[in-house]
Amino acid sequence: MTSNIAFYLPNLDGGGAERIFCLLANEFADRGYNCSIIVDNKDGPNLEYVAKSVNIFSLGTSNKIKSLFGLSRILKDNLIDFVISGVGISNIKACLASFLSCEKHQVFITYHNVYSKDFGLGSGLTYKLASVLTRLSKKTICVSKDIKNNLDTQFRAHNKKTVVISNPIDIENIQEKSDNYGAHDDEILNTSYPLIVGAGRLVAQKNFNLLINAFALVREKKECKLAILGEGHLRQDLQNEINQLGLENDAFLLGYKDNPFAYLKKASLFAMSSHYEGFGNVIIEALSLGTPVVSTNCPGGPKDILDNGTYGHLVDLNDQKAFADAILKSLNSPIPATILKQRANEYSVAKIANQYEVLLNS
């Protein structure tokens, strides 16, 4: 008898967790499971990535109480066997909805970031209730070792029910898109100098000030260019920093890019300067294209992906000189692309789905 799997999250916005759920839903549908995605509202750019073989149920409301009872009905009416939830308050609602339906669903909750005091009410509450939620759910999936440790120690989660399963990436899609870029990208992508790329929202978490100041030290020793992809409220502050350092002809804030993979492929180096990361999907995306990586050794997934420095340089938080030295070392003596691509293959959709499948069937 074919199992019914439902992924539950608020919507299909452009975040990493939403994209991950789409990839996993498509993969399980390809494997013959009856697969559904349940959302409070059927919107968001990730909607286009959902395969036709995956059912989409919209609860049609952002009201927490109405969506809770709507979710409970869908789980019961569609005979859902497994529920996988994540993002915001969804883990709480999935556990409650399963209880209200009076059916024996196996609920798997997921956590995609290390806890931060900057979290909104819903996400923060999901962490503060981890002790209860990890006992109500079948298993709790953390996308990095630091998240598991965070839940187990700080929030008294049931540590025997928390497991680590990394995020998958669609390697084939990334490689295909990396060869497609528009004429407006030519000036940066075709530079004759080494190109360093950073990517992410222009917010405090990403700590692009560190990258910009480290780049200034690198420029004193080596001709190169810096391109930062992403938008956010700190754009003007970062541009001011670039101007004050006299880097306006070498460092560029290029805004959000629909296809960042062309930049990652052309880059001589990808640099992540974050204060913390839940996982760090873009690091694997860079590795999958053979691009070397330098990252802060921040809480979250970077150290897992880079195997504590085996597949890329890890530097202490806020150490500009160490970050600059690591960039120079990587530019002058990069890890071979074949080794980096082999590492990225460990995070293919098929391999990560295998880990989920073992968990579901256990």
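Some notes on this structure:
- Cα long-axis angle, helix 64-77 against the chain (0 to 90 degrees, to the nearest 10): 60
- 16 Å reach of a label modelled at ARG73, 7 Å along Cα-to-Cβ, counting backbone N of the stretch 84-119: 97-98, 100-102
- Entry note, the chain: the mean residue ellipticity at 222 nm calculated from DSSP H runs of n ≥ 4, each adding -39500 (n - 2.57), is -11500 deg cm²/dmol after division by the residues and rounding to the nearest 500.
- Packing here is the average count of other Cβ atoms within 10 Å per residue, and on that basis the peptides 80-91, 316-327, 49-60, highest first, run 80-91, 316-327, 49-60.
- Spin-label proximity, ASP118 to the stretch 232-246 - amide N less than 20 Å from point 7 Å beyond Cα toward beta carbon: 232-242
- Charge sum, other residues only, whose C-beta stays under 13 Å from LYS145's C-beta, Lys/Arg counted +1 and Asp/Glu -1: -3
- The stretch 1-125: radius of gyration over Cα atoms, expressed as a fraction of 2.2 N^0.38 Å: 0.99
- The magnitude of the dipole of the stretch 278-342, with charges of +1 and -1 set on the Cβ of Lys/Arg and Asp/Glu and taken from the Cα centre, is near 140 debye.
- Here the label points at SER53 and VAL203, each 7 Å from Cα along the C-beta direction, are separated by 3.5 nm in the simple model.
- For the stretch 1-21 and the stretch 308-362, distance of Cα centres in Å: 25
- Close amide H partners of VAL293, meaning residues 5 or more places away or on another chain with modelled amide H under 5 Å apart, are PHE270, HIS313.
- Extending 7 Å from the Cα toward the beta-carbon at both ARG156 and ASP258 defines two label points whose distance is 5.0 nm.
- Cα-based values for the stretch 284-362, radius of gyration first and Dmax second, are 14.7, 49 Å.
- The stretch between VAL358 and LEU125, if pulled fully straight at 0.36 nm per residue, gains 81.0 nm over its current Cα-Cα span.
- Gyration tensor (alpha-carbon) shape descriptor, the stretch 59-139, a/c threshold 1.5: oblate
- Hydrodynamic radius of the chain by the Kirkwood approach over all distinct alpha-carbon pairs: 21.3 Å.
- Where GLU220, GLU248 fall by accessible area, highest first, once all protein chains stay in place (1.4 Å): GLU220, GLU248
- Carbon and sulfur %, accessible surface of the chain computed with the full protein complex present, 1.4 Å: 48
- Normalised alpha carbon radius of gyration of the stretch 1-56 [divisor 2.2 N^0.38 Å]: 1.03
- Placing ASP307, ASP237, ASP40, ASP146 in order of accessible area, with the largest value first and a 1.4 Å probe, yields ASP237, ASP307, ASP146, ASP40.
- One chain, two ends: THR2 and GLN236. Fully extended at 0.36 nm per residue, the span grows by 78.9 nm beyond their Cα-Cα distance.
- Degrees between helix 320-332 axis and first principal axis of the chain (Cα, 0 to 90, nearest 10): 80
- Among the lysines of the stretch 16-135, pairs that are 8 or more positions apart or on different chains and have alpha carbons within less than 15 Å of each other number 7.
- In this simple spin-label approximation, LYS64 and ASN308 carry label points 7 Å from Cα along the Cα→Cβ vector, and these lie 4.1 nm apart.
- Accessible surface of LEU217, taken over heavy atoms with a 1.4 Å probe and every protein chain present, rounds to 60 Å².
- Efficiency of FRET between GLU103 and THR191 - r from beta-carbon atoms, R0 41 angstrom, step 0.05: 0.10
- Cα-based helix-to-principal-axis angle, 90-100 vs the chain, degrees rounded to 10: 10
The values are calculated or read from the model by the stated rules, or taken from the named source; none is laboratory data. No experiment lies behind these values; they were computed from the predicted model shown. All Cβ positions, even for glycine, are placed from backbone atoms using ideal geometry, and neighbour counts span all protein chains on display. Just so you know, the surface numbers come from the protein's heavy atoms only, side chains and all, with ligands and any DNA or RNA stripped out. Shrake-Rupley method; radii C 1.70, N 1.55, O 1.52, S 1.80 Å.
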